[in-house]
Structure formats: C-alpha cells, structure tokens
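Since the structure comes first, as structure tokens, the remarks are kept for the end.
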Amino acid sequence: MNRRKLLQLLSKGAAAGAFVKLSGGLAQSKIPQGATDIMKVLGTTLREYGERSEFEKDVIRYISPNLRSRHTGADFSPLEKLDGVITPSSLHFERHHGGVPNVNPADYRLVIHGMVERPLMFTLQDLKRLPSVTRTYFIECAGNGQNGYRNPPDMTLTATRSRGLVSNSSWTGVPLSILLKEAGLKEGARWLIPEGQDAAAYTRSLPLEKALDDVLVAYAQNGEAIRPEQGYPVRLVVPGWEGSIQVKWLRRIQVTDTPVMSKDETSEYTDVMADGKIYAFTWVMDPESIITYPSGLQQISRGFHEIRGLAWSGHGRIRRVEISLDGGKTWKQASLEPAPDALSVVRFKYNWVWDGRETVIMSRAWDEKGNTQPTQEEFFAKWARNNRYHYNAIQAWRIGADGKVVNGDKTLAGAPARLGAVGRGGCGGES
Ligand code: CO
C-alpha cells in the first residue's frame, strides 16, 4: 500500500469515527496483588450444564419491591448490563397472570378445534416432526415504557426500568399456518382464540390474517427448550405485536368468526386516548429506542464514550437511529449493528467525546415504514395521561457536570398521570 492510499484510508476511518483519541479516558491501573495465583491451582471440572461466572451475579432481572404478588406482574431485563442483541433466556423479561405452570412435556397436548374440518390434537413430538423455522424476534410487553406516564418524571429511572419489558430471542417452531391448513378452516372463520395452560387460563383473540402470515407455535428459545417462564413447552410467537397476545403454555386454539372479548383483552391491554376514546385490539408495537449507555443512575467521566442502545419496531426493520447530544436541538445518525432484521432488536452506537458540560442526550428510531418516536408532548397530545400501555416517546438522559446520569424527561404542564394503585402489578410491573 502506498503512502497516499494509507493516508486516504486513515482520513476515511477518522471520518467514520474509527480512530478516536481516548482523551482523559482510560486509567493506568496496576496489576492487583495475587492475580497470577489463580494459575497455580487446578481449575474446576467439566460440568453438564453451564453457569455464568460467580462475579456476574448482579446481572439480574429487576423486580419491583412494590409488587403485591410475584404471581401476577412483571419483571424487567437488565438492558444496560447486556451486550449484543440476543437476550439471554435467563434474563428475558417476565409477565405472568397466574404464576408459571409446571407443564410436563409427556402430558402436553395442543388442541385445534371450532370452525375447522378436522379438530386436531398434537403432542410435543408431533409438533417437532413438522417443518420448522427459526427467526429472531423481539417480544415487548404492551406496558413497556409505562414509567413514562409518571409526571413529574421518576428521577430514579434506569434503562432497565424505562424499557426493560422488551427482550429479543431466536425462536424455533412450526408456522401456525401449517397446523391450520392441516385442520382445514371452515367458511366464515375469522378469529383464533388461543388459551394458555396457566392458572389464569389466559385467553386472547388473534385475527386469522396475522395467524396465517407469520405466527409461530414455538418450542425453542435461543437453541434450547423455551424457559418455563417464557411458556414451556409451547407458546405463540406473534412477531411485532404486543407480548400479551403471544400466549404462553399454549393448550388450545379455538377457531371462531368473532373475537371472544376475554377478561385479558377487556380489563387489560385496552388504551385510553387523549380525546376520551378507548381502543381495544391495539396490537402492533410502534418504534422505540433506548440509550443504555450512558443511562439513568450511571456515572461517566470526561472523554471518550461509545453511546450505545437498542431499537426495534413492530412495523418492520429499523431504518435508522438518531442521537441528540443537545436536548433534541440537533440530531446525528448512529451506526447500527448487526444489519437490521425485521421485527428484531438492533443495537446502535455513536462515538462521543464528553467535554464535561451538562447536557441531555436522547435517541429516536425510524422504521422502514417511516414511523418514528414522538416527543413527550406529541405522545400525550394523542394518548391519555392515565393510559397504561404503548408508551414510546423519546427517552432523555441528563448528564450533570459531575458525570451523574439521571432521567432527562420533562415535567409536563397539566394534571399528573394517574397510575394504578401501588402493587397492582400490571403489565408495567411496578406501578
Ligand atoms: Co395494545
């Protein structure tokens, strides 16, 4: 390579932010005493099932101390402590309505009945014989972001408690369309009524059109059996739609011509709008993003930092994510990794040198359909202050001159949001 080409490459790299001066950043630490003693003892043995390092035990889901019961409610994935885009199965957020059932796969059956030519009953082995697909999809609770309804904003908010009711997994299963074809749909069939095998007999209404499109009857998560708390042995995966319709511990699907209007889609998961109208069947999750570093309650120092975060949309691929370093006045494009996949989480990154001055940082995602995230004001022009679900306004983080990071959302004029009674444990998990 000649000198000219090398210089070209270097300047290209600099433009892309590939070469950064780590000014005032990295501490010159000493080697700790005894660090090499580990090499003088034999390590542990082979073992049948892996465990993470004992030094990683603080990377756990967040369970609100306000919950009245841990059988119904939610807990949050620790977003700011994770890397990449796959959520470890053990840290996938939870949302239950009647605890986690202990289903023995030998006794497991899935029944498809109602408006079909041939009612069918499948064992787990039957399902596993059928053509399978593996896809990476996010699952997001309809109540994700619910802390954004608080006014004034919660100053103890972390990235986990802001948006940790989203997780992203590789799901394997059989397309529901194959099972429905096998059963044979009768004339007039329009809806499916999936029911879970939990103590709440959790039941929803799923339009046939979506079921025939991309819904999976899934039995594996990240390469192994689905975790009990995510629906072992079989759950629905309904890509891009709110988590609450992705029925876990799936035991029965009734084919009908009308929705069932179950308790799980009338007492919950309906939306109150600013004009007083209430909508049911709001399934698609609008685009969202969250900066996970630096984020609430973290502490940073002057100098270089890679701003990192996650973005996703229930409408399709994320097209771009923008970062503001000046409280929303100007926006710059972040890089995305890996190449965005439809209905899957993508990671965004932006190289930044913090000059030590107080500022507010934010991110906003755009999807391939042109949807983006509203500001707080725009969001509440449409949605009622006392709604519980589908919050996707831009999350801001304020960085103080001391490097402390706190919730940067604004206090809005007007009546404060009314959240559910403390400990009710709705989808938001900690209201
Ligand atoms: Co909804």
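The values are calculated or read from the model by the stated rules, or taken from the named source; none is laboratory data. Here the structure is a predicted model, which means the values were calculated and not measured. FYI the Cβ positions are ideal-geometry reconstructions off the backbone, even for glycines, and counts take in every protein chain you see.
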Scan the strands (runs of 3 or more DSSP E) fully inside region 70-150 and keep the ones with 3 or more residues being of a type in the set (Val, Ile, Thr). 133-140
When every residue in region 82-100 that is of a type outside the set (A, V, I, L, M, F, W, C) and touching a helix residue (DSSP H, G or I) at 6+ places or on another chain (Cβ under 8 Å) is compared, the one nearest to PRO233 (Cα to Cα) is SER89
With the requirement that a residue be within 11 Å of the ligand (Cβ to nearest atom) and either under 17 Å from LYS369 (Cα atoms) or not small (Gly, Ala, Ser) (or both), what does region 279-289 give you? TYR279, PHE281, THR282, TRP283, VAL284, MET285, ASP286
ALA106 vs. criteria in contact with a Cys (Cβ under 8 Å, 6 or more places away or on another chain) and at negative phi: no
Among (1) free of Cβ contacts under 8 Å to residues at least 40 places away in the same chain; (2) closer than 26 Å to LEU127 by Cβ; (3) not aliphatic (A, V, I, L, M), there is one condition ASN222 misses while meeting the rest; what is its number? (1)
From the list LEU176, LEU212, LEU236, exactly one residue is hydrophobic (A, V, I, L, M, F, W, C) and under 30 Å from TYR49 (Cα atoms). Which is it? LEU236
For region 190-228, give me each residue that is buried (at least 17 other Cβ atoms within 10 Å of the Cβ), closer than 22 Å to GLU117 by Cβ and not basic (Lys, Arg). TRP191, LEU192, ILE193, PRO194, GLU195, SER205, LEU206, LEU208, ALA211, VAL215, VAL217
Single condition ILE60 does not satisfy, out of (1) assigned to a helix (DSSP H, G or I); (2) among the aliphatic types (A, V, I, L, M); (3) touching a residue at least 24 places away in the same chain (Cβ under 8 Å): (1)
Going through GLU229, GLU182 one at a time, which residue ends up being touching a residue at least 12 places away in the same chain (Cβ under 8 Å), part of a helix (DSSP H, G or I) and under 22 Å from the mean Cα position of the chain (by Cα)? GLU229
Selected residue [in the same structural domain as THR372 (by TED's automatic domain parsing) and within 16 Å of the ligand (Cβ to nearest atom)] from GLY309, GLY314: GLY314
Candidates ARG52, ARG95 - the one that is within 29 Å of ASP341 (Cβ to Cβ), surrounded by 10 or more Cβ atoms within 10 Å (Cβ to Cβ) and free of Cβ contacts under 8 Å to residues at least 60 places away in the same chain: ARG52
Here the residues within region 239-272 that are farther than 22 Å from GLY188 by Cβ, aliphatic (A, V, I, L, M) and away from the ligand (no atom under 12 Å from the Cβ) are VAL247, LEU250
For region 159-168, state whether one or more residues are hydrophobic (A, V, I, L, M, F, W, C), closer than 17 Å to VAL238 by Cβ, part of a strand (DSSP E or B) and under 16 Å from the mean Cα position of the chain (by Cα). yes
In region 377-400, what residues are within 20 Å of the chain's Cα centre (by Cα), among the polar types (S, T, N, Q) and away from the ligand (no atom under 15 Å from the Cβ)? GLN395
Can you confirm whether ASN144 is under 30 Å from ILE394 (Cα atoms), within 16 Å of the ligand (Cβ to nearest atom) and modelled with pLDDT of 95 or more? yes
